[in-house]
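The values are calculated or read from the model by the stated rules, or taken from the named source; none is laboratory data. Please read all numbers here as calculations on a predicted model, not as lab measurements. For neighbour counting, all protein chains shown are included, and Cβ atoms are generated from backbone atoms with ideal geometry for every residue, glycine included.
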Amino acid sequence: MTDASAMNRPYPQVKICGLTLPHEAAQCAALGADAIGVVFFPRSPRHVTADQARAVVAALPETVAAVGVFVNASFSTIMARVECCGLSMAQLHGRESAGLAARLKTEGVGVIKSLLVDGKPGFDDASGFDVDGYLVECAKGPLPGGNAMAWDWGVARDFGNRLPLVLAGGLSPDNVADAIGSALPAAVDVSSGVEASPGRKDPDRVARLIAAVRSTADLYAAKMTKTVFCPKGQRPDA
């Protein structure tokens, strides 16, 4: 079952995405990250092989969710990575179908679906999915993902009042508190904003980001956050 303390925590969960090295994943977990993301998309500078991802996941404590990021991958490809690497969740970052998400959920895999505020799939497409959370960002960069671009995070606030929102795109230790104040998400997803270089996380920036997220607790006095990222064994349907 899901950890009750995480479910009732009055500030967003934090996912640090684009990990490539086990010791950096362990550092992020020790600093308080709720989830770690590994990217299976060859065009990404943070792309990892199955062997690299397995090593990253093996470095994590059982309390941290291991999320694989996929772009238009097939069910069989995703499940092969889930089983080989020990992933607890799949983040669908392309134009995947609601049927694919449902099949993954049936297999006990948590699912995050990516949506774009100014592209497709957008907010209107969320109604067809039954997933654990919706990652929302802008669509202005050359690659799937936030491309380190800040945007008007407040546009997602109404969506987050209705569905579990994972805020992403252009977030950093310096702006994450303002972004959270604008959208009141259930979670935030950060990659380049805490990096020394692509795929290499800076522990000082990770620590400052997590501290900034936790400083927003007063904003959630009347709104308890929903748990989005769950490790294997702690998922509600596990």
Legend entry - Qualifying helices (runs of 4 or more DSSP H) (wholly inside region 1-79; at least 2 residues being modelled with pLDDT of 95 or more and touching a strand residue (DSSP E or B) at 6+ places or on another chain (Cβ under 8 Å)): 22-31, 50-58
Inset, instruction - Considering only residues that are of a type in the set (S, T, N, Q) and surrounded by fewer than 16 Cβ atoms within 10 Å (Cβ to Cβ), look in region 183-232 and name the one that is nearest to Arg43 (Cα to Cα). - result: Ser197
Legend entry - Answer residue from region 80-131, given it is hydroxyl-bearing (Ser, Thr, Tyr) and at pLDDT 95 or above and is farthest from Gly169 (Cα to Cα) among those: Thr106
Legend entry - Given (1) within 18 Å of Gly199 (Cβ to Cβ); (2) among the β-branched types (Val, Ile, Thr); (3) in contact (Cβ under 8 Å) with a residue 40 or more places away in the chain, number of the condition Thr63 does not satisfy: (1)
Legend entry - Close pairs from region 82-98: first β-branched (Val, Ile, Thr), partner crowded, with 22+ Cβ neighbours inside 10 Å, Cβ under 7 Å, at least 6 apart: Val82/Gly68; Val82/Ala90; Val82/Val109
Inset, instruction - Go through the residues of region 218-238 one by one and say whether even a single one is at negative phi, modelled with pLDDT of 95 or more, hydroxyl-bearing (Ser, Thr, Tyr) and not in a helix (DSSP H, G or I). - result: no
Legend entry - Every pair of residues 6+ apart whose Cβ atoms lie under 9 Å, when the first sits in region 204-220 and is under 16 Å from Ala26 (Cα atoms) while the second is hydrophobic (A, V, I, L, M, F, W, C) and exposed (fewer than 15 other Cβ atoms within 10 Å of the Cβ): Arg205/Ala196
Inset, instruction - Would you check if there is a residue in region 62-82 being in contact with a His (Cβ under 6 Å, 6 or more places away or on another chain) and hydrophobic (A, V, I, L, M, F, W, C)? - result: yes
